[in-house]
C-alpha cells in the first residue's frame, strides 16, 4: 500500500469511498489516497467547496490525493515534495524503474 511508505503516517482503511470523504470533511483525517477516477467522480457529483483534488499523480496507477482545501500547509508540503522530485530527476527515475513498462500494457 502506497500510504505505508509515508513516514509517521497513521493509516486508516474504510469500507467505502463515501466513508473516507465524510471523515475528511469532518476533520477526522488529513488526506485521502485513492484511485483518481474515484476522486474525480466525488468532486463532480458532490461538488464540495471544502476539499481539493491535487494536480498530478503519485503513481502510474492514477492515484490522487484529496485533502481539506483549508489545510494549505499540507497542500504546500505535498506540492513542494512533488516539485522537488520532479526537478531533481527522482520522479522520472522512479517512474522509469517501476512504471514505464506498465504503460505499454
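Values as computed for the structure displayed
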| read-out | value |
| --- | --- |
| Neighbour-count ranking [beta-carbon atoms within 10 angstrom, fewest first] of 21, 95, 41 | 41, 95, 21 |
| Packing-based exposure ordering (other Cβ within 10 Å, fewest first) of 25, 80, 36 | 80, 25, 36 |
| Rounded FRET efficiency, nearest 0.05, which uses the C-beta distance separating residue 76 from residue 96 and R0 of 22 Å | 0.20 |
| Space enclosed by the convex hull of the alpha-carbon atoms of region 7-103, per residue, Å³ | 116 |
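Since every read-out is calculated from the coordinates, none of them should be taken as a lab result. Nothing here was measured: the structure is a model prediction, and the numbers come from that model. Quick reminder, even Gly has a Cβ in these numbers, built from the backbone with ideal geometry, and neighbours come from all protein chains shown.
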